[in-house]
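The values are calculated or read from the model by the stated rules, or taken from the named source; none is laboratory data. Since the model is a prediction, treat every value here as computed from it, not as a measurement. Methodologically, a virtual Cβ is constructed for each residue, glycine included, from the backbone with ideal geometry; neighbour enumeration extends over all protein chains shown.
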Amino acid sequence: MSLKGKVALVTGSTSGIGLAIARTFAAQGADICINGFGDAAAIEKERSGIESDFDVKCIYSGADMSKGAETEAMVTDAIKTLGSVDILVNNAGIQFVSPVEDFPPEKWDQIIAINLSSAFHATRAAIPNMKAKKWGRIISTASAHALVASPFKSAYVSAKHGIAGFTKTVALETATFGITANAICPGYVWTPLVEKQIPETMAARGLTREQVINDVLLDAQPTKQFVTVDEIAALALYLAGDMARSITGAIISIDGGWTAA
Ligand code: NAD
């Protein structure tokens, strides 16, 4: 499938799932805007690597997805610099694990801002350009936690359920404009986000590292395997293509059977 002539903006793409999606779209010829935090030299290496590996344009925005104005400016700047944003991937996200009565309110606010409100701000800024072109793809990385809950993840589960509702609403509003809006719901994917929550889960549940990996994380997944970032990127690529034009408002699981149980 060719994405030549399209521009894709992927939030939270300096690492993990977002980076895999950005590279997969670039491999099909899309110009790219990456976003996220990290070491400046490492980010520049990723940005220039995308340009040289795939012969596309790639720009970087350091916009903080917890800030609405920065998120909106990232989209309008990408439209100015690259000519358009045809594919928006709302992917930036963080996790925090704690019983609800101990959950720091500032962590709650931060997770709702980054994992939910940033999708609103970016989508809001991207839609007028997509409507004008009568073509657009809005893909949000939700989670199995958009469909089911786990204890100690109140903010994350709330934000991801919110993404499912937001996706369905945007799909209805844009359905006659050649725009689709869908949410991908991965199970556990081995990325820094999962690695970071292991010590927190060890503390919250009083378990060892091995117990957290086998009895908490992989216990949820009937396949007993982590999902890979490349599998997620392949699904995102399909949703970005013309053959997926009738898939909209869908909340699509890619979770090794987790939510079938
Ligand atoms: P990751 O930690 O590897 O990547 C997260 C990205 O978001 C990084 O690029 C980071 O710099 C960026 N980011 C964080 N805070 C930001 C902010 N304020 N502004 C801009 N960028 C910010 O994690 P990942 O596992 O690749 O997660 C990507 C998405 O996938 C998240 O929305 C996450 O909830 C979702 N997800 C992950 C899993 C999993 O098991 N890893 C499962 C389901 C859903």
TODO: Answer yes or no as to whether Y156 is farther than 30 Å from E101 by Cβ and either part of a loop (DSSP other than H, G, I, E, B) or not charged (D, E, K, R) (or both).
DONE: no
- [ ] Find all pairs meeting these conditions: Cβ atoms under 9 angstrom apart; at least six residues apart or on different chains; first residue within region 87-108 and over 11 Å from T141 (Cα atoms) and among the β-branched types (V, I, T); second residue part of a strand (DSSP E or B) and away from the ligand (no atom under 11 Å from the Cβ).
- [x] I87/V7; I87/A8; I87/L9; I87/G136; I87/R137; I87/I138; I87/I139
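Could you please find all residues in region 102-111 being over 14 Å from the mean Cα position of the chain (by Cα) and either part of a helix (DSSP H, G or I) or at pLDDT below 95 (or both)?
Selection gives D102, P105, E106, K107, W108, D109, Q110.
Answer yes if at least one residue in region 130-145 is assigned to a helix (DSSP H, G or I), under 18 Å from A250 (Cα atoms) and near the ligand (Cβ under 9 Å from one of its atoms), and no otherwise. Outline the logic, then answer.
Taking region 130-145 as the starting set, the residues that turn out to be assigned to a helix (DSSP H, G or I) are 130-133, 144-145.
Then keep just the ones that are under 18 Å from A250 (Cα atoms); that gives 144-145.
From what is left, the residues that are near the ligand (Cβ under 9 Å from one of its atoms) are 144-145.
There is at least one residue in region 130-145 that is assigned to a helix (DSSP H, G or I), under 18 Å from A250 (Cα atoms) and near the ligand (Cβ under 9 Å from one of its atoms).
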TODO: Can you work out which of the residues in region 186-202 that are crowded, with 20+ Cβ neighbours inside 10 Å and in a helix (DSSP H, G or I) is modelled with the lowest pLDDT?
DONE: Q197
Task: The lone exception for N129 - which of (1) in contact with a helix residue (DSSP H, G or I) (Cβ under 6 Å, 6 or more places away or on another chain); (2) within 20 Å of I59 (Cβ to Cβ); (3) buried (at least 24 other Cβ atoms within 10 Å of the Cβ) it fails - done: (3)
Open item on the list: For the structure I just gave you, tell me whether T169 is within 14 Å of the ligand (Cβ to nearest atom), among the hydroxyl-bearing types (S, T, Y) and at pLDDT 95 or above.
Closed with: no
Open item on the list: Of everything in region 48-92, what is within 19 Å of T123 (Cβ to Cβ), in contact with a strand residue (DSSP E or B) (Cβ under 8 Å, 6 or more places away or on another chain), within 12 Å of the ligand (Cβ to nearest atom) and assigned to a loop (DSSP other than H, G, I, E, B)? Give them in sequence order.
Closed with: A63, M65, N91, A92
- [ ] Hey, can you tell me all the residues within region 5-44 that are within 14 Å of the ligand (Cβ to nearest atom), surrounded by fewer than 15 Cβ atoms within 10 Å (Cβ to Cβ) and in a helix (DSSP H, G or I)?
- [x] A40, A42
Open item on the list: Out of the residues in region 54-72 meeting the condition of being more than 17 Å from the chain's Cα centre (by Cα) and within 23 Å of A41 (Cα to Cα), tell me which one is surrounded by the most Cβ atoms within 10 Å (Cβ to Cβ).
Closed with: C58
